[in-house]
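The values are calculated or read from the model by the stated rules, or taken from the named source; none is laboratory data. What you are looking at is a predicted structure, and each value in this text was computed from that prediction instead of being measured. Reconstructed Cβ throughout: ideal geometry from the backbone, glycine too, with neighbour counts over all protein chains shown.
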Amino acid sequence: MSNLELNRIKAFGMTNHMILADLTQIENEYSISLGHLSELKGQIEDSYYPQFSANIRATASRMSRHYELFYCLERNIRELVAQALEESENSTEWWQAPRIPQQIVQDVSTRIQREVDTGFSRRSDDELDYTTFGELAQIITSNWDIFGSIFSSKKAVERVMASLNTLRNPIAHCSVLAEDEILRLNLTVRDWFRLME
């Protein structure tokens, strides 16, 4: 399967996810059930969340679809980067320089060690999972000889990634997205997939 075919399949999946998010919004807005979600959600809320106010729970429910969308997008971007670099190098050993800027390699190593020092389980065995969104953009643009065949414009990738990075902050830090930022998120996700057309 070619990268183009794989990206089209991923775009199809993301479109379906956005439709699911719209259905969930309709359910929340009109307090109805369209039957597309498991009843387990209600059971969990009834069992574990009664100490939280109804307002906080309703807001969390509305925000969860944005988190899910961003989670899918970020995982998709990380997979795309890893796959492209792996295919280019004909190896899974692409992490070190010259493909990855040395500062990113060092910063990721520091983050991994900091996590190991907590005594908690590592979140991943993949160094790419420890990169920031800005670093992902830098990896893409500094390897344009590889990613130029996937994306239509280097400047557009930088712009879209910067926008996604800004939108990521309120989602990752449990803040409520303003209505115009929700629209901006949806448009930016579409911009991301448009870069690969």
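Only one entry in 110, 92, 141, 59 is part of a helix (DSSP H, G or I) and either loosely packed, with under 13 Cβ neighbours inside 10 Å or in contact with a Phe, Trp or Tyr (Cβ under 7 Å, 6 or more places away or on another chain) (or both), namely 110.
Please determine, by comparing only the residues of the range 168-197 that are at negative phi and outside any helix (DSSP H, G or I), which one is modelled with the lowest pLDDT. Spell out how you get there, then give the answer.
Initially, the range 168-197 is screened for residues at negative phi, giving 168-173, 175-197.
Now narrow it down to the ones that are outside any helix (DSSP H, G or I): 173, 175-178, 195-197.
Working: 173: 89, 175: 89, 176: 90, 177: 89, 178: 90, 195: 92, 196: 90, 197: 84.
Taking the candidates together, the pick is 197.
Contact map, the range 51-68: residues that are closer than 28 Å to residue 14 by Cβ paired with residues that are part of a helix (DSSP H, G or I) and hydrophobic (A, V, I, L, M, F, W, C), Cβ distance under 6 Å, separation 6+ or inter-chain. Pairs shown: 65/21; 66/171; 67/171.
Of the residues in the range 183-192, at least one is aliphatic (A, V, I, L, M) and in contact (Cβ under 8 Å) with a residue 40 or more places away in the chain.
Going through 31, 53, 61 one at a time, which residue ends up being at pLDDT below 80, farther than 16 Å from residue 136 by Cβ and not aliphatic (A, V, I, L, M)? From the options 31, 53, 61, the qualifying one is 31.
When each of 111, 122, 184, 99 is tested for being over 26 Å from residue 21 (Cβ atoms) and touching a Leu at 6+ places or on another chain (Cβ under 9 Å), the lone residue that passes is 99.
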